[in-house]
1. Run Arg257 past the list (1) closer than 20 Å to Leu432 by Cβ; (2) under 21 Å from the mean Cα position of the chain (by Cα); (3) buried (at least 18 other Cβ atoms within 10 Å of the Cβ); (4) away from ligand 2 (no atom under 16 Å from the Cβ) and report the number of the one that doesn't hold.
2. Which members of region 144-163 meet the condition of being touching a strand residue (DSSP E or B) at 6+ places or on another chain (Cβ under 8 Å) and either without any contact (Cβ under 8 Å) to a residue 12 or more places away in the chain or crowded, with 24+ Cβ neighbours inside 10 Å (or both)?
3. Considering only region 356-382, state which residues are under 30 Å from Asn445 (Cα atoms), more than 18 Å from the chain's Cα centre (by Cα) and away from ligand 3 (no atom under 14 Å from the Cβ).
4. Out of the residues in region 268-285 that are buried (at least 23 other Cβ atoms within 10 Å of the Cβ) and under 14 Å from Arg257 (Cα atoms), state the one that is farthest from ligand 2 (Cβ to nearest atom).
5. Being more than 20 Å from Thr439 (Cβ to Cβ) and within 16 Å of ligand 3 (Cβ to nearest atom), is that true of even one residue in region 388-402?
6. Could you check Ile332 against (1) modelled with pLDDT of 95 or more; (2) closer than 22 Å to Met262 by Cα; (3) of a type in the set (Val, Ile, Thr) and say which number it fails?
7. Does region 238-259 hold any residues that are away from ligand 3 (no atom under 16 Å from the Cβ), touching a helix residue (DSSP H, G or I) at 6+ places or on another chain (Cβ under 8 Å) and among the charged types (D, E, K, R), and which are they?
8. Could you list, in sequence order, all residues of region 404-441 that are crowded, with 22+ Cβ neighbours inside 10 Å and of a type in the set (Phe, Trp, Tyr)?
Amino acid sequence: CGVIGIYGPGKDVARLTYFGLHALQHRGQESAGIAIGNGEDIQFNKGMGLVTEAFNEHKLREMAGQVAIGHVRYSTTGSSLLANAQPLVFRYLKGMMAVAHNGNLTNATEQRHNLAVTGAVFQTTTDTEVIVNLLARYNQSSIEEGLMKTMIDIKGSYSMLVMTEDRLLGVRDPHGVRPLCIGRLGDAYIFASESCALDTLGAEFVRDVEPGEIVVADKRGLTSIKSMIRAPRAMCIFEYIYFARPDSNIDGISVNRARRAMGRQLARECPIDADVVISVPDSGTAAAIGYATESGIPFEEGLMKNRYIGRTFIQPSQEMRSQAVRLKLNPIVKAVEGKRVILIDDSIVRGTTSGKIVQLLRQAGAKEVHMLISSPPITHPCYYGIDTSVRKELIAATKTIEEIRQAIGADSLYYLSEEGLLNTMVDQRADLPAESYCTACFSGNYPIDVPQGVDKFTME
Ligand code: 5GP
Ligand code: SF4
Ligand code: MG
């Protein structure tokens with residue numbers, strides 16, 4: 001998911017939030033929502049699909065206020081329903097509050113059960129509603145204190161925005177799994193999942209929210225509160241490999257530079273005698289350019305991507321399903337015909353897309369197709385907010401690399417080594433050692449205890 005919040009009296013905060021959400025669209029395409037506080041109450045608007053589908057000029061004009069938060073959703077827990085769209089807006093003892101959350105709680109089942117025993121009711125199947133109920137229960141304290149108490153109860157990943165009628169709070173979980181940064185636009189303050197949203201608004205980057213930190217933006221300016229919880233840093237390495245936009249900087253590291261460095265490392269680990277380097281756009285492109293730079297083999301655009309097909313795209317009929325990849329990607333014949341091709345992508349999850357792409361390139365006349373992946377094989381599910389949570393669907397969980405190569409039909413297949421990847425990250429920022437990153441989906445080392453059993457509230 002992607003979140004953005006703006007504290008900006010006198011500014012058109014709804015419109016700024018709307019533009020910011022566009023820059024975060026890659027983080028979620030299922031639903032979009034904006035909540036806005038005008039000092040007295042909170043209004044909100046949500047819709048299914050892309051930001052452009054969920055909002056229009058009319059809806060935006062209706063929303064006036066001084067503080068706003070927005071959310072784009074990518075569902076990890078809870079199905080794709082409007083009821084599950086965020087921000088969640090609620091009334092409690094002291095007024096109104098809105099919450100927008102990126103991440104995934106690992107003890108949501110347990111916490112939801114504890115709350116339900118005392119009579120709490122739930123309208124959604126999201127773990128965010130657990131947070132909302134906890135915040136509402138700690139109503140005897142200030143909202144900052146309530147948030148600190150909530151942080152003791154919840155486990156997992158969360159980069160979260162909380163808004164009252166006139167204040168904005170940003171919080172990042174003690175491990176710092178998901179990104180969150182702070183920007184400034186004149187006298188307005190902005191919190192966003194990624195710095196590319198600040199750039200879009202013409203805002204200046206101030207800094208990243210620290211793991212375990214609560215930052216408040218209100219009429220007194222910015223205030224920072226450090227939570228008592230101490231935990232090892234565990235930034236999701238997949239944000240750098242695949243999820244984040246390359247024009248973002250996360251925790252002081254340029255995503256684009258990190259991806260190019262992964263591609264260069266790939267070239268050092270796996271040199272291949274070939275004629276051209278191409279990528280699976282867009283997520284594989286930076287690594288492919290890195291590979292080309294290091295190897296001296298020219299990079300070319302070998303596949304064109306249709307940018308207008310979102311996740312909400314109508315599922316093709318059964319007979320067209322095998323062509324689904326073609327709707328999104330088409331080979332550029334002149335770039336690959338008669339050539340030995342190095343094809344670079346960021347990751348293989350189920351292997352279905354990769355297999356179709358190799359086939360398309362062969363049909364376009366490629367003489368050889370060598371598939372290189374700028375991350376190690378994904379063998380374990382993610383419980384912290386990226387949707388690879390079904391182990392049996394992960395091709396590398398059950399097949400060897402040679403079996404995967406055969407399944408996708410490539411002449412050769414190579415995955416970046418874990419050591420090479422981590423060295424690349426340490427090269428980007430030497431004061432963050434390799435242990436600062438979550439690598440669980442390929443190492444199996446989970447930095448936060450994973451949920452036990454099945455959550456009966458979120459099973460659908
Ligand atoms: P596959 O060959 O496994 O079907 O598809 C791999 C492609 O899916 C890669 O290009 C990758 O960028 C993309 N992808 C889409 N969603 C995800 C996701 O949630 N996690 C990862 N790691 N890759 C994803
Ligand atoms: Fe990121 Fe993988 Fe860790 Fe999930 S398990 S947070 S995708 S590194
Ligand atoms: Mg991709």
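1. Evaluating Arg257 over (1) closer than 20 Å to Leu432 by Cβ; (2) under 21 Å from the mean Cα position of the chain (by Cα); (3) buried (at least 18 other Cβ atoms within 10 Å of the Cβ); (4) away from ligand 2 (no atom under 16 Å from the Cβ) leaves (3) as the failure.
2. Correct list: Ser157, Tyr158, Ser159, Met160, Leu161, Val162, Met163.
3. Across region 356-382, the qualifying residues are His370, Pro376, Pro377, Thr379.
4. Among them, the one singled out is Thr285.
5. no
6. Ile332 satisfies all of (1) modelled with pLDDT of 95 or more; (2) closer than 22 Å to Met262 by Cα; (3) of a type in the set (Val, Ile, Thr) except (2).
7. Asp247, Arg257
8. Once the filter is applied, which keeps residues that are crowded, with 22+ Cβ neighbours inside 10 Å and of a type in the set (Phe, Trp, Tyr), region 404-441 yields Tyr415, Tyr437.
The values are calculated or read from the model by the stated rules, or taken from the named source; none is laboratory data. Not measured: the values here are computed from a predicted model. We place every Cβ from the backbone using ideal geometry, glycine too, and count neighbours over all the protein chains shown.
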